[in-house]
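To start, the structure itself, in C-alpha coordinates.
The values are calculated or read from the model by the stated rules, or taken from the named source; none is laboratory data. In this text the structure is predicted, and so the values were computed from the model without any measurement. With ideal geometry, Cβ positions are generated from the backbone for all residues, glycine too; neighbour counts draw on all protein chains shown. Note: areas computed on protein heavy atoms with side chains; ligands, DNA, RNA excluded. Shrake-Rupley method; radii C 1.70, N 1.55, O 1.52, S 1.80 Å.
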Amino acid sequence: MNAFLFRSMIGIFFGAFIAVMITSALIYFGGQSTIDGMHFIKNAFGYIFCGWLFNVTPLYFKIRSLRLPIQTALHFLTVTIVYFLLGQWIGWIHINVKNFLIFLGISIIGYAIGWIGFYLYFKHESKKLNNDLRRH
(Lines give C-alpha, C1' and ligand atoms only; values in the text may rest on other atoms or scores of the structure.)
Protein backbone atom coordinates (compact mmCIF):
# COMPACT_ATOMS: atom_id res chain seq x y z
CA MET A 1 0.00 0.00 0.00
CA ASN A 2 2.87 2.38 0.76
CA ALA A 3 4.33 1.79 -2.73
CA PHE A 4 0.94 2.54 -4.30
CA LEU A 5 0.54 5.80 -2.39
CA PHE A 6 4.13 6.88 -3.06
CA ARG A 7 3.86 6.08 -6.78
CA SER A 8 0.48 7.83 -6.93
CA MET A 9 1.88 11.02 -5.46
CA ILE A 10 4.95 10.99 -7.71
CA GLY A 11 2.78 10.35 -10.78
CA ILE A 12 0.32 13.10 -9.95
CA PHE A 13 3.06 15.64 -9.33
CA PHE A 14 4.96 14.60 -12.47
CA GLY A 15 1.78 14.81 -14.56
CA ALA A 16 1.04 18.27 -13.19
CA PHE A 17 4.61 19.35 -13.96
CA ILE A 18 4.29 18.11 -17.55
CA ALA A 19 0.96 19.97 -17.93
CA VAL A 20 2.51 23.23 -16.76
CA MET A 21 5.59 22.76 -18.96
CA ILE A 22 3.57 21.97 -22.10
CA THR A 23 1.20 24.88 -21.47
CA SER A 24 4.14 27.22 -20.91
CA ALA A 25 5.82 25.97 -24.08
CA LEU A 26 2.65 26.51 -26.10
CA ILE A 27 2.32 30.04 -24.79
CA TYR A 28 5.99 30.92 -25.15
CA PHE A 29 6.88 29.13 -28.41
CA GLY A 30 3.40 28.93 -29.93
CA GLY A 31 2.77 32.62 -29.75
CA GLN A 32 -0.51 32.23 -27.88
CA SER A 33 -1.11 35.13 -25.53
CA THR A 34 -4.18 33.49 -23.94
CA ILE A 35 -5.43 29.97 -23.41
CA ASP A 36 -8.92 28.53 -23.08
CA GLY A 37 -9.52 27.73 -19.41
CA MET A 38 -11.67 24.62 -19.92
CA HIS A 39 -9.27 23.27 -22.53
CA PHE A 40 -6.38 23.79 -20.12
CA ILE A 41 -8.18 22.09 -17.23
CA LYS A 42 -9.22 19.11 -19.36
CA ASN A 43 -5.66 18.64 -20.66
CA ALA A 44 -4.10 19.22 -17.23
CA PHE A 45 -6.29 16.55 -15.66
CA GLY A 46 -5.39 14.26 -18.56
CA TYR A 47 -1.67 14.76 -17.95
CA ILE A 48 -2.11 14.31 -14.21
CA PHE A 49 -4.11 11.11 -14.73
CA CYS A 50 -1.51 9.80 -17.21
CA GLY A 51 1.27 10.55 -14.73
CA TRP A 52 -0.61 8.60 -12.10
CA LEU A 53 -1.47 5.73 -14.49
CA PHE A 54 2.07 5.29 -15.81
CA ASN A 55 3.54 5.36 -12.29
CA VAL A 56 1.06 2.98 -10.66
CA THR A 57 0.62 0.29 -13.31
CA PRO A 58 4.21 -1.04 -13.03
CA LEU A 59 3.09 -2.42 -9.67
CA TYR A 60 1.71 -5.36 -11.68
CA PHE A 61 5.31 -6.50 -11.90
CA LYS A 62 5.55 -6.67 -8.09
CA ILE A 63 2.80 -9.31 -7.86
CA ARG A 64 4.90 -12.45 -7.40
CA SER A 65 1.93 -14.81 -7.79
CA LEU A 66 1.65 -13.79 -11.47
CA ARG A 67 4.06 -14.98 -14.11
CA LEU A 68 5.89 -12.44 -16.27
CA PRO A 69 3.72 -12.94 -19.41
CA ILE A 70 0.55 -12.33 -17.37
CA GLN A 71 2.06 -9.29 -15.65
CA THR A 72 3.11 -7.92 -19.04
CA ALA A 73 -0.30 -8.55 -20.63
CA LEU A 74 -2.15 -6.93 -17.72
CA HIS A 75 0.15 -3.91 -17.76
CA PHE A 76 -0.05 -3.48 -21.54
CA LEU A 77 -3.83 -3.86 -21.67
CA THR A 78 -4.44 -1.53 -18.72
CA VAL A 79 -2.16 1.20 -20.04
CA THR A 80 -3.32 0.92 -23.65
CA ILE A 81 -7.06 0.73 -23.01
CA VAL A 82 -7.17 3.44 -20.33
CA TYR A 83 -4.91 5.78 -22.30
CA PHE A 84 -6.98 5.24 -25.48
CA LEU A 85 -10.25 6.01 -23.67
CA LEU A 86 -8.71 9.04 -21.97
CA GLY A 87 -7.26 10.24 -25.27
CA GLN A 88 -10.68 10.02 -26.91
CA TRP A 89 -12.41 11.85 -24.06
CA ILE A 90 -9.88 14.70 -24.02
CA GLY A 91 -9.53 14.90 -27.78
CA TRP A 92 -5.95 13.69 -28.13
CA ILE A 93 -7.12 10.77 -30.31
CA HIS A 94 -9.93 11.14 -32.83
CA ILE A 95 -12.15 8.12 -33.38
CA ASN A 96 -11.82 6.30 -36.69
CA VAL A 97 -10.35 3.00 -37.85
CA LYS A 98 -7.16 4.53 -39.26
CA ASN A 99 -6.36 6.43 -36.05
CA PHE A 100 -7.14 3.36 -33.94
CA LEU A 101 -4.77 1.21 -36.00
CA ILE A 102 -2.05 3.88 -35.85
CA PHE A 103 -2.51 4.15 -32.07
CA LEU A 104 -2.40 0.37 -31.68
CA GLY A 105 0.72 0.06 -33.86
CA ILE A 106 2.56 2.82 -31.99
CA SER A 107 1.49 1.31 -28.66
CA ILE A 108 2.70 -2.18 -29.55
CA ILE A 109 6.02 -1.00 -31.01
CA GLY A 110 6.67 1.48 -28.18
CA TYR A 111 5.75 -1.06 -25.52
CA ALA A 112 7.88 -3.77 -27.11
CA ILE A 113 10.92 -1.48 -27.26
CA GLY A 114 10.45 -0.40 -23.65
CA TRP A 115 9.78 -3.92 -22.40
CA ILE A 116 12.80 -5.40 -24.20
CA GLY A 117 15.00 -2.57 -22.91
CA PHE A 118 13.94 -3.12 -19.29
CA TYR A 119 14.19 -6.90 -19.65
CA LEU A 120 17.75 -6.72 -21.00
CA TYR A 121 18.76 -4.20 -18.33
CA PHE A 122 17.45 -6.31 -15.46
CA LYS A 123 18.88 -9.48 -16.97
CA HIS A 124 22.28 -7.79 -17.11
CA GLU A 125 21.92 -6.55 -13.52
CA SER A 126 20.98 -10.03 -12.27
CA LYS A 127 24.04 -11.52 -14.01
CA LYS A 128 26.26 -8.93 -12.31
CA LEU A 129 24.72 -9.71 -8.92
CA ASN A 130 25.08 -13.46 -9.44
CA ASN A 131 28.72 -13.04 -10.46
CA ASP A 132 29.36 -10.93 -7.34
CA LEU A 133 27.73 -13.61 -5.17
CA ARG A 134 29.86 -16.35 -6.72
CA ARG A 135 33.06 -14.41 -6.04
CA HIS A 136 32.28 -13.98 -2.34
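Tell me the carbon and sulfur percent of the accessible area for the chain, rounded to whole percent, probe radius 1.4 Å. Working shown, then result.
Details: 7490 of 10230 Å².
Here it works out to 73 percent.
Could you give the Stokes-Einstein D for the chain in µm² per second, using the C-alpha Kirkwood radius, 20 °C, 1.002 mPa s?
Numbers: Rh = 17.5 Å.
Here the translational diffusion coefficient equals 122 µm²/s.
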Query raised in the report: By how many degrees, 0 to 90 and rounded to 10, does the Cα axis of helix 37-56 deviate from the longest principal axis of the chain?
Result: 0
Report summary line: Env charge @ Val56, Cβ radius under 12 Å, K,R +1 / D,E -1, value +2
Report summary line: Per 5 angstrom bin, beginning at 0 and ending with the bin that holds the maximum distance, the Cα pairs of the range 19-75 fall in percents of 4, 17, 18, 14, 10, 9, 9, 9, 6, 3, 1
Query raised in the report: Gap in Å between the Cα centre of the range 100-136 and the Cα centre of the range 31-99?
Result: 21
Report task. Measure nothing fancy, just the Cα-based angle from helix 97-135's long axis to the longest principal axis of the chain, in degrees from 0 to 90, nearest 10. Result -> 30
**Report entry** Inter-probe distance in nm under a simple model that places probes 7 Å from Cα toward Cβ, at Ala73 and Tyr119
**Finding:** 1.5
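What ranking, highest mean first, results for peptides 84-94, 34-44 when packing means the other Cβ atoms within 10 Å averaged over each residue?
84-94, 34-44
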